[in-house]
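Below: the structure, in structure tokens.
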Amino acid sequence: MPGLYYEEFTVGETIEHERRRTVSEADNQRFCDMTMNQQPLHLDEEFASGTDFGERLVNGLYTMSLAVGVSIPETTDGTIVANLSYDDVSHPAPVFHGDTIRARSTVTEKRETSDGERGVVTMHVEAFDQEETLVCEFDRTVLSLKRPE
């Protein structure tokens, strides 16, 4: 499904994203390697087993990135000029290897650019695990194309 043009976003609308992703140990390892994040809580089972969590956690930035990724088809696929900001990020619950993540986006604000040629859209994105526990939430603001005439 192609993304939405500026005019197609409606403030207050909630979009349940169809794609889901089960997070593997390899996903977490690769993300940590690519971003040079060597936090033992993500990578060292022996260390992590001695924490309150009892096992390794999936990198929170991977969880956030995954939430953005699964939201793209129904929001900005082919209709975005740029991501402008990610604000008010929180991780209210941990993600573990084997958890399946889904997301939903609620349009909270939109406005035309000063030249009237594009629009700025803000969405509140929430990510949930397979037990419907909220694991990440943030506001994503994008510069969106208007529908071609």
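Values as computed for the structure displayed
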item: Close pairs from the stretch 106-119: first of a type in the set (Ser, Thr, Tyr), partner loosely packed, with under 13 Cβ neighbours inside 10 Å and assigned to a strand (DSSP E or B), Cβ under 6 Å, at least 6 apart; result: 106/14
item: Criterion (on the phi < 0 side of the Ramachandran plot, surrounded by fewer than 13 Cβ atoms within 10 Å (Cβ to Cβ), among the hydroxyl-bearing types (Ser, Thr, Tyr) and modelled with pLDDT of 95 or more) met by exactly one of 76, 63, 35; result: 35
item: Leading residue by the ranking (farthest from residue 99 (Cα to Cα)) among those in the stretch 15-38 that are in contact with an Asp or Glu (Cβ under 7 Å, 6 or more places away or on another chain) and of a type in the set (A, V, I, L, M); result: 15
item: Single residue of 137, 149, 126 found to be touching a Leu at 6+ places or on another chain (Cβ under 9 Å), charged (D, E, K, R) and either at pLDDT 95 or above or surrounded by fewer than 17 Cβ atoms within 10 Å (Cβ to Cβ) (or both); result: 126
item: Residue in the stretch 4-21 that is aromatic (Phe, Trp, Tyr), surrounded by 15 or more Cβ atoms within 10 Å (Cβ to Cβ) and not in a helix (DSSP H, G or I) present; result: yes
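The values are calculated or read from the model by the stated rules, or taken from the named source; none is laboratory data. Source: prediction; values computed, not measured. Here Cβ is always computed from backbone atoms with ideal geometry, including for glycine, and neighbour counts include all displayed protein chains.
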